[in-house]
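Participant: After the C-alpha cells below, expect a handful of questions from me.
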C-alpha cells in the first residue's frame, strides 16, 4: 500500500492546483509591479486579493503534504485531511494520532474505545467543542478510529 500511495501522491492534481495558484500569484505580482509605476495606483486593495491567493496555496500545499505523509499508514488519509481542513476553518483544535508500524497504545493513557470506521464526519464530530470525547487525542489504526479522549 505505501509505495502505491506515495506514487499516487506524487501525481496528484494537488500539484497542478499549487502550480496554477502560484502562476496566478506571479501574474498578480507582475501586474502590481507594472501598475506601481503609476503614482495614482493604490496597491493596498489588491494586496488583500494576493494574500487570499497565497493562503489558498498554503491550504492546498498543506493538504498535499499531509496526504503524502499519511498515505502509507492509512487509506483514509483524505478523510483525515478533509476533517483537519474543516476543523481549521472553524478554528477548532484536534489531536489525531495515526499509528504507524509499531503499536502506540503503550505510550498513551487509553480513553474511550470507539472501534468505528474512520469517516470525516465522525472524526469531525468527535472534536466538536462540547462533545464529551473532544478532550484528548484520537487514535487511528489503519482505517479505524480505535479510541478517543486519549491522554498522550
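Participant: Could you pull out every one of the strands (runs of 3 or more DSSP E) wholly within segment 108-150 that has 1 or more residues that are farther than 24 Å from residue 72 by Cα, in contact with a strand residue (DSSP E or B) (Cβ under 8 Å, 6 or more places away or on another chain) and touching a residue at least 12 places away in the same chain (Cβ under 8 Å)?
Facilitator: Numbers: elements: 112-117, 137-141, 144-150.
Filter on segment 108-150 gives 112-117, 144-150.
Participant: Could you check, for segment 103-116, whether at least one of its residues is under 17 Å from residue 69 (Cβ atoms), exposed (fewer than 13 other Cβ atoms within 10 Å of the Cβ) and modelled with pLDDT under 90?
Facilitator: no
Participant: Does residue 81 satisfy the criteria of being in contact with a helix residue (DSSP H, G or I) (Cβ under 7 Å, 6 or more places away or on another chain) and touching a residue at least 60 places away in the same chain (Cβ under 8 Å)?
Facilitator: no
Participant: Would you be able to say whether some residue in segment 32-50 is closer than 30 Å to residue 125 by Cβ, within 25 Å of the chain's Cα centre (by Cα), in a helix (DSSP H, G or I) and not assigned by TED's automatic domain parsing to the domain that holds residue 127?
Facilitator: No, every residue in segment 32-50 fails to be closer than 30 Å to residue 125 by Cβ, within 25 Å of the chain's Cα centre (by Cα), in a helix (DSSP H, G or I) and not assigned by TED's automatic domain parsing to the domain that holds residue 127.
Participant: Consider segment 66-92. How many of its residues are within 12 Å of the chain's Cα centre (by Cα), farther than 13 Å from residue 120 by Cα and surrounded by fewer than 18 Cβ atoms within 10 Å (Cβ to Cβ)? Before you say what the answer is, go through the steps one by one.
Facilitator: At the first step, the residues of segment 66-92 found to be within 12 Å of the chain's Cα centre (by Cα) are 66-70, 77-89.
Pick out the ones that are also farther than 13 Å from residue 120 by Cα and you get 66-70, 88-89.
Okay, now just the ones that are also surrounded by fewer than 18 Cβ atoms within 10 Å (Cβ to Cβ), so 66, 68-69, 88-89.
Result for segment 66-92: 5.
Participant: Still on this structure, I have one more. Among 101, 75, which is the only one that is closer than 30 Å to residue 140 by Cβ, assigned to a loop (DSSP other than H, G, I, E, B) and free of Cβ contacts under 8 Å to residues at least 12 places away in the same chain?
Facilitator: On the way: 75 fails: free of Cβ contacts under 8 Å to residues at least 12 places away in the same chain.
101 is the lone residue from the list that is closer than 30 Å to residue 140 by Cβ, assigned to a loop (DSSP other than H, G, I, E, B) and free of Cβ contacts under 8 Å to residues at least 12 places away in the same chain.
The values are calculated or read from the model by the stated rules, or taken from the named source; none is laboratory data. Keep in mind the model is a prediction, meaning the values are calculated, not measured. All Cβ positions, even for glycine, are placed from backbone atoms using ideal geometry, and neighbour counts span all protein chains on display.
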